[in-house]
Amino acid sequence: MAYDAKTDWLPDDPINEDDVNRWEKGIQDAHKDLAVHKNDMNNPHNTTKAQIGLGNVDNVQQASKKEFEEHLNDSQRHITPVERENWNAKETTAGAQEKADKALLDAKYYVDTNYKNNNLTLITGDNAIQDARKGGEEYPLGLTLMDIGQGNTTGYPLSYGIVKNEKYNNYRFTQYFYGTGNESGTYYYSTGVWIRHWWSGSGWTKWEKISGFAHANVGTTGIQYLKKVDHTKIAFNRIIKDSHNAFDIKNNRFIAPNDGMYLVGSGIYVINSPSYINLHLKVYLNGKKYKTLHHIRGYYENRDNEMYLGLNGNATVPMNKGDYLEIWCYCNYVGNGQRGVDDKDGSFNFIDIQELGGRNYPRF
């Protein structure tokens, strides 16, 4: 029931208990209505955003302060100025493809312009430089080819071949020699590729082989007895493989077909008896001791049976064309009987030679 206020009181009007109860009831009802109003969150007065200055604020859910701080500190969601600059500088797929296409077109243009057939000149007849001793200044610029033939002996690695000149200027000049002949009726004599350089002021370097390397594998036949207190040349006389026909079985020696470094390995199976022995397996170069491959020396008298020995080793040997190498064995022992190289196959008695290439640099 709404409060009915009495607003016409006079100074002499009496106040009874109904008046007081009415006042108390009005105060009580006012307090109840105030409490209900305070708890009413449904905008009982229909207040608008514009009335309270929020006319430009969207009616959406807002993040809490904690949520805002977590988002602000999230380094995965945000980038630094440096990162932004780096990202902006990244190449796009389309841009990268455009650059690749341009590079390909530029390369094709360069090749088409500089490497046509008429840019690779064939020097023939009297214009071909047959004498390898002539200086590099006498060669034309560019890429040129020359035929070397008729048994030429003026400084090229072989008597027959093709020379390719790559000359940029008198200070940048490289020359290749390709063996193409059929000397002595066998192709392997003219197998290989050589290279040399021209240095203005000091001349040509020596030819250096870069392809077509020689190799040989030779065994023995029968038993070969060793001299006592002396050196004996091992009679390697059974060719298993010889790529350049460079092993002379008559003289038991390998003859270098080209200048270069050679890897030599050798082994022999020695007939022996228990006693004092002193054995050296050696490489001889041009008839002189060069390197010892293996050495056994000692007293073995207490052995009851035969004591056969295997000697083997490896060495690198620098050789010029025409140099030869052989395998020798020094032998000394006490007692009777003979020491010798047993009749064994190539797994025991062998000499293996592999041309490693390069130049035969000076010996010191």
Need pairs with beta-carbon distance below 6 Å; first residue at pLDDT 75 or above and within the stretch 172-198, second outside any helix (DSSP H, G or I) and among the charged types (D, E, K, R); sequence gap 6+ or separate chains.
F173/K167; T174/E166; Q175/R196; Y176/K164; G192/K209; W194/K209; I195/E208
Consider only pairs whose beta carbons are under 8 Å apart and that are at least six residues apart or on different chains; among these, list those whose first residue lies in the stretch 121-144 and is within 16 Å of F173 (Cα to Cα) and whose second residue is loosely packed, with under 12 Cβ neighbours inside 10 Å and aromatic (F, W, Y).
L141/Y168
How many residues, within the stretch 323-339, are assigned to a strand (DSSP E or B), out of contact with any Ser or Thr (no Cβ under 6 Å at 6 or more places or on another chain) and either surrounded by fewer than 20 Cβ atoms within 10 Å (Cβ to Cβ) or of a type in the set (F, W, Y) (or both)?
4
Residues to consider are N258, N320, N251; find the one that is among the polar types (S, T, N, Q) and crowded, with 20+ Cβ neighbours inside 10 Å.
N258
Between residues in the stretch 12-33 that are closer than 24 Å to P44 by Cβ and residues that are among the hydroxyl-bearing types (S, T, Y) and outside any helix (DSSP H, G or I), which pairs lie under 7 Å by C-beta distance while being six or more apart or on different chains?
G26/Y3; D29/Y3
Specify the residue that is modelled with the lowest pLDDT; the eligible residues are those in the stretch 269-285 that are over 39 Å from the mean Cα position of the chain (by Cα) and either closer than 15 Å to A315 by Cβ or surrounded by 22 or more Cβ atoms within 10 Å (Cβ to Cβ) (or both).
N272
If you go through the stretch 41-53 one residue at a time, do you hit one that is of a type in the set (K, R), in a loop (DSSP other than H, G, I, E, B), surrounded by 10 or more Cβ atoms within 10 Å (Cβ to Cβ) and modelled with pLDDT under 80?
yes
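Any idea which of G265, G298, G310, G346 is in a loop (DSSP other than H, G, I, E, B), of a type outside the set (A, V, I, L, M, F, W, C) and surrounded by fewer than 19 Cβ atoms within 10 Å (Cβ to Cβ)?
Working: G265 fails: in a loop (DSSP other than H, G, I, E, B); G298 fails: in a loop (DSSP other than H, G, I, E, B); G310 fails: in a loop (DSSP other than H, G, I, E, B).
Matching residue, one of G265, G298, G310, G346: G346.
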Checking the structure you have, find out if any residue of the stretch 242-257 is without any contact (Cβ under 8 Å) to a residue 24 or more places away in the chain and either part of a strand (DSSP E or B) or of a type in the set (F, W, Y) (or both).
no
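What strands (runs of 3 or more DSSP E) completely inside the stretch 131-233 contain at least 1 residues that are crowded, with 19+ Cβ neighbours inside 10 Å and out of contact with any helix residue (DSSP H, G or I) (no Cβ under 7 Å at 6 or more places or on another chain)? I'd like the intermediate steps shown before the answer.
Working: elements: 142-148, 161-169, 172-179, 193-199, 208-211, 215-219, 230-233.
The qualifying strands (runs of 3 or more DSSP E) are 142-148, 161-169, 172-179, 193-199, 208-211, 215-219.
The values are calculated or read from the model by the stated rules, or taken from the named source; none is laboratory data. Bear in mind that the values here come from a model prediction, so they are computed numbers and not experimental data. Because the Cβ atoms are built from the backbone with ideal geometry, glycine has one as well, and the counts that use them run over all protein chains shown.
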